[in-house]
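The structure appears right after this line, and notes come after that.
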Amino acid sequence: MDSYPAIGKDLLKNIPRLETVAEIIGRQKDPLPDTVLEAWDFITISCQILKMVCDYDNLIISGKSKSKAFSILMQNKKAYSEKLLKILIDIENSSQEGAKKSVNLNGLREGMVLLEDVIRDTDVILLKKFTEISENNLFLLQKNAKIQKIHEPIEVMVR
């Protein structure tokens, strides 16, 4: 299926006013640029958004939850812009299935996704942002909370 961007580009490139769309489709597999997002041109940003959304959609189609799909995408920092992923998360949060919420440690539940690092008072990171909360994560946090204070409230995405 790696050839579909080239096929899509070829189908659209000669249709008036769709040349830019053809270029975006053709370049959707381009690697993440080394420059900052603010330096990207329109086509580069569009290509990266298309790649990210297609990969996200494929994860959802394969049976992953939204939060698990975000977690998988965030783990691949060399493939996706963190800023663009945050925008996608914000868009998904505005849907009925997910919402951004501030919770205390006791309010954390399995399936929530962290929107910030969970940090102890000693500035030790216990869990990285975009981690999906699991039973093991909850156990880790509860054990650490008995030893040292954890920064609260915690920003999460709720399904």
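The values are calculated or read from the model by the stated rules, or taken from the named source; none is laboratory data. Remember, it's a predicted structure, so these values are computed and weren't measured experimentally. When we count neighbours, we look across all protein chains shown, and the Cβ atoms used for this are built from the backbone with ideal geometry, even at glycine.
Side notes on the structure shown:
- Matching option when the condition is more than 30 Å from Leu141 (Cβ to Cβ) and surrounded by 13 or more Cβ atoms within 10 Å (Cβ to Cβ), among Asp55, Asp41, Asp34, Asp30: Asp30
- Pick from the range 58-92, criterion of a type in the set (A, V, I, L, M) and exposed (fewer than 12 other Cβ atoms within 10 Å of the Cβ), ranking: nearest to Arg109 (Cα to Cα): Ile91
- Number of residues in the range 98-115 that are of a type outside the set (Lys, Arg) and either surrounded by fewer than 15 Cβ atoms within 10 Å (Cβ to Cβ) or over 19 Å from the mean Cα position of the chain (by Cα) (or both) equals 9.
- Only one entry of Ala22, Ala6 meets the criterion of being in contact with a Leu (Cβ under 6 Å, 6 or more places away or on another chain) and among the small types (Gly, Ala, Ser), and that entry is Ala22.
- Identification of strands (runs of 3 or more DSSP E) wholly contained in the range 95-159 with 1 or more residues that are farther than 19 Å from Met74 by Cβ, in contact (Cβ under 8 Å) with a residue 12 or more places away in the chain and small (Gly, Ala, Ser) yields 99-103.
- Met52 fulfils the conditions (1) closer than 30 Å to His151 by Cα; (2) touching a Phe, Trp or Tyr at 6+ places or on another chain (Cβ under 6 Å) except for a single criterion, (1).
- Counted residues, the range 26-82 - those being under 30 Å from Ile133 (Cα atoms), in a helix (DSSP H, G or I) and either modelled with pLDDT under 90 or within 9 Å of the chain's Cα centre (by Cα) (or both): 14
- In this entry, Arg120 is excluded by the filter for residues that are loosely packed, with under 15 Cβ neighbours inside 10 Å and among the charged types (D, E, K, R).
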